[in-house]
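As structure tokens, the structure follows; a few thoughts come after it.
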Amino acid sequence: MTETGHEGAPRGGTATPSRLGVLLWNQATDWPAYEAAARRVDTLGYDSLWAWDHLYAIFGDPYQPIFEGYTTLAAWAKVTTRARLGLLVGANTFRNPGVVAKMLTTIDHASGGRAICGIGGAWHELEHHANGIEFGTGFGQRLDWLEESAAALRALFAGETVTSPPGGHYAFDELVLLPPPVQERLPILIGGSGEKKTLRTVARHADMWNAMGEVEFLRHKLDVLHAHCDDARRDPAEIELTAGCKPIIRSTAEAADAVWREQMATNRTPMADVENDATFWVGTPELIAERMAERKALGFHTFLAELAAPYDDETLDRWINEVRPMVDGG
């Protein structure tokens, strides 16, 4: 499946160098393989390294092994040296934002200033109910909680004292964060594309926005984000645009498809569940480069790739060493 070009004035060109990050699926793996893949991502020179924040598996059978997100980042902080570390994205419902700020600050110190605060509204109902975690009355309410949380995190990371306004979900009382993060501004990444609430929260508080989807979908969401930035009196150029994808790279489409099928089998995921998912980019280096270039023309210069277990060394090698130069002209 290939994409054609789209007409319309681009928001940016391809001259800006691409930044690449890798999310290693937390599910269907053991720790030695998981840690070895994280070391490999760091050694290859990727800009960032990510984990999910889920308590049950989210692809295929939910009842399969999965590692917790924040403790994964803390462990990775001591076996990597350069890649920035974050959750894609943290489930806001799982933890009090004050505790999240403390955890991320600890990871920032442990990693020498490499933490990213990835956060989102949360969606996986089963894991909430199984663990007795409040899921709220609906997605709208959870996004209201996310807005409160993002505002508090931004203030805490900036060294401010936070007291919650009356009537909100949280009840912070002169909360301070000590020690402060190593980074002068610990970045907040918000994932999601909801037009009324999520993108408004991105415009108000985020340093990074992660989105997935076809080019026209992303183009429309950018228009909405820009409108929210206007309302917030925020320069949208302050927000790093990150595009999510799931690449599998081989010299032929047939070879890439075979790897994909093996990975999904390992993850107990029927192909019928994923074969129409356009975020899987399965094919040749040229195909992956084409899709990246289309998104770069919109202003997405950071790409965050999800890799399923068993982790694919060939895709890791070829994406950064072969595909990125094709896209950036290097």
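If only one of Glu148, Glu125, Glu160 is free of Cβ contacts under 8 Å to residues at least 24 places away in the same chain, surrounded by fewer than 22 Cβ atoms within 10 Å (Cβ to Cβ), more than 22 Å from Ile58 (Cα to Cα) and of a type in the set (D, E, K, R), which one is it? So that I can check it myself, show each step before the final result.
Working: Glu148 fails: free of Cβ contacts under 8 Å to residues at least 24 places away in the same chain; Glu125 fails: more than 22 Å from Ile58 (Cα to Cα).
Just one listed residue meets the conditions, Glu160.
For Pro97, all conditions in the list (1) more than 27 Å from Gln263 (Cα to Cα); (2) surrounded by fewer than 23 Cβ atoms within 10 Å (Cβ to Cβ); (3) of a type outside the set (Lys, Arg) hold save one; what is the number of the exception?
Here Pro97 clears every test but (2).
Out of all the residues in segment 130-144, is one or more in contact with a Leu (Cβ under 9 Å, 6 or more places away or on another chain), within 17 Å of Met208 (Cα to Cα) and modelled with pLDDT of 95 or more?
Taking every residue of segment 130-144 in turn, none turns out to be in contact with a Leu (Cβ under 9 Å, 6 or more places away or on another chain), within 17 Å of Met208 (Cα to Cα) and modelled with pLDDT of 95 or more.
Could you list, in sequence order, the residues of segment 182-204 that are farther than 18 Å from Ala101 by Cα and hydroxyl-bearing (Ser, Thr, Tyr)?
Ser193, Thr198
Name, by its number, the condition in (1) over 22 Å from Ile288 (Cβ atoms); (2) part of a loop (DSSP other than H, G, I, E, B); (3) not aliphatic (A, V, I, L, M) that does not hold for Ser251.
Of everything listed in (1) over 22 Å from Ile288 (Cβ atoms); (2) part of a loop (DSSP other than H, G, I, E, B); (3) not aliphatic (A, V, I, L, M), Ser251 misses just condition (1).
Across segment 128-139, what is the number of residues that are closer than 25 Å to Ala203 by Cβ, out of contact with any helix residue (DSSP H, G or I) (no Cβ under 9 Å at 6 or more places or on another chain) and surrounded by 13 or more Cβ atoms within 10 Å (Cβ to Cβ)?
Matching residues across segment 128-139 total 1.
If we keep just the residues of segment 213-225 that are hydrophobic (A, V, I, L, M, F, W, C) and in contact with a Lys or Arg (Cβ under 8 Å, 6 or more places away or on another chain), which is nearest to Asp317 (Cα to Cα)?
Step one: filter segment 213-225 for residues hydrophobic (A, V, I, L, M, F, W, C), giving 215, 217-218, 222, 224-225.
Filter again for in contact with a Lys or Arg (Cβ under 8 Å, 6 or more places away or on another chain), leaving 215, 218, 222.
Numbers: Val215: 26, Leu218: 27, Leu222: 31 Å.
Of everything passing the filter in segment 213-225, Val215 is nearest to Asp317 (Cα to Cα).
Mind telling me which of the residues Glu238, Glu174, Glu214 ends up being out of contact with any helix residue (DSSP H, G or I) (no Cβ under 7 Å at 6 or more places or on another chain) and in contact (Cβ under 8 Å) with a residue 40 or more places away in the chain?
Values: Glu238 fails: in contact (Cβ under 8 Å) with a residue 40 or more places away in the chain; Glu174 fails: in contact (Cβ under 8 Å) with a residue 40 or more places away in the chain.
Only one candidate qualifies: Glu214.
At least 2 residues that are surrounded by fewer than 16 Cβ atoms within 10 Å (Cβ to Cβ) and in contact (Cβ under 8 Å) with a residue 24 or more places away in the chain in each: list the helices (runs of 4 or more DSSP H) lying fully within segment 255-330 that qualify. Break it down stepwise before answering.
Numbers: elements: 285-296, 313-318, 324-328.
Filter on segment 255-330 gives 313-318.
Determine the pairs where a residue that is within 16 Å of Asn92 (Cβ to Cβ), located within segment 180-198, has a partner that is acidic (Asp, Glu) and in a loop (DSSP other than H, G, I, E, B) with Cβ atoms under 8 Å apart, the partner being 6 or more residues away or on another chain.
Short answer, once both residue conditions are applied: Ile188/Asp207; Leu189/Asp207.
Trp209 fails exactly one of the following numbered conditions: (1) in contact (Cβ under 8 Å) with a residue 60 or more places away in the chain; (2) assigned to a strand (DSSP E or B). What is the number of that condition?
Against the list (1) in contact (Cβ under 8 Å) with a residue 60 or more places away in the chain; (2) assigned to a strand (DSSP E or B), Trp209 comes up short only on (1).
Which condition number does Ile116 fail, the rest of (1) more than 15 Å from the chain's Cα centre (by Cα); (2) among the β-branched types (Val, Ile, Thr); (3) crowded, with 19+ Cβ neighbours inside 10 Å being met?
(1)
Any residue at all in segment 165-179 that is farther than 17 Å from Thr106 by Cβ, buried (at least 16 other Cβ atoms within 10 Å of the Cβ), at pLDDT 95 or above and touching a Gly at 6+ places or on another chain (Cβ under 7 Å)?
yes
For Ala243, are the conditions met, namely being in contact with a Lys or Arg (Cβ under 7 Å, 6 or more places away or on another chain), of a type in the set (Gly, Ala, Ser), outside any helix (DSSP H, G or I) and closer than 26 Å to Val89 by Cβ?
Working: in contact with a Lys or Arg (Cβ under 7 Å, 6 or more places away or on another chain): yes; of a type in the set (Gly, Ala, Ser): yes; outside any helix (DSSP H, G or I): yes; closer than 26 Å to Val89 by Cβ: yes.
Answer is yes for this residue.
Tally the residues that are among the charged types (D, E, K, R) and either without any contact (Cβ under 8 Å) to a residue 24 or more places away in the chain or within 22 Å of Gln64 (Cβ to Cβ) (or both), restricting the search to segment 244-254. Give the derivation first.
Within segment 244-254, the subset among the charged types (D, E, K, R) is 246, 250, 254.
Still in the running and either without any contact (Cβ under 8 Å) to a residue 24 or more places away in the chain or within 22 Å of Gln64 (Cβ to Cβ) (or both): 246, 254.
Residues in segment 244-254 being among the charged types (D, E, K, R) and either without any contact (Cβ under 8 Å) to a residue 24 or more places away in the chain or within 22 Å of Gln64 (Cβ to Cβ) (or both): 2 in total.
Give me the pairs: first residue in segment 29-54 and over 18 Å from Arg114 (Cα atoms) and of a type in the set (Ser, Thr, Tyr), second residue outside any helix (DSSP H, G or I) and modelled with pLDDT of 95 or more, beta-carbon distance under 7 Å, and six or more apart or on different chains, which are they?
Thr29/Ala309; Tyr34/Leu24; Tyr34/Phe67
So how many residues does segment 226-240 have that are touching a Lys or Arg at 6+ places or on another chain (Cβ under 9 Å), of a type in the set (A, V, I, L, M) and buried (at least 19 other Cβ atoms within 10 Å of the Cβ)?
So the answer is 0.
The values are calculated or read from the model by the stated rules, or taken from the named source; none is laboratory data. Computed from a prediction, not measured in an experiment: that's the story for all the values here. We place every Cβ from the backbone using ideal geometry, glycine too, and count neighbours over all the protein chains shown.
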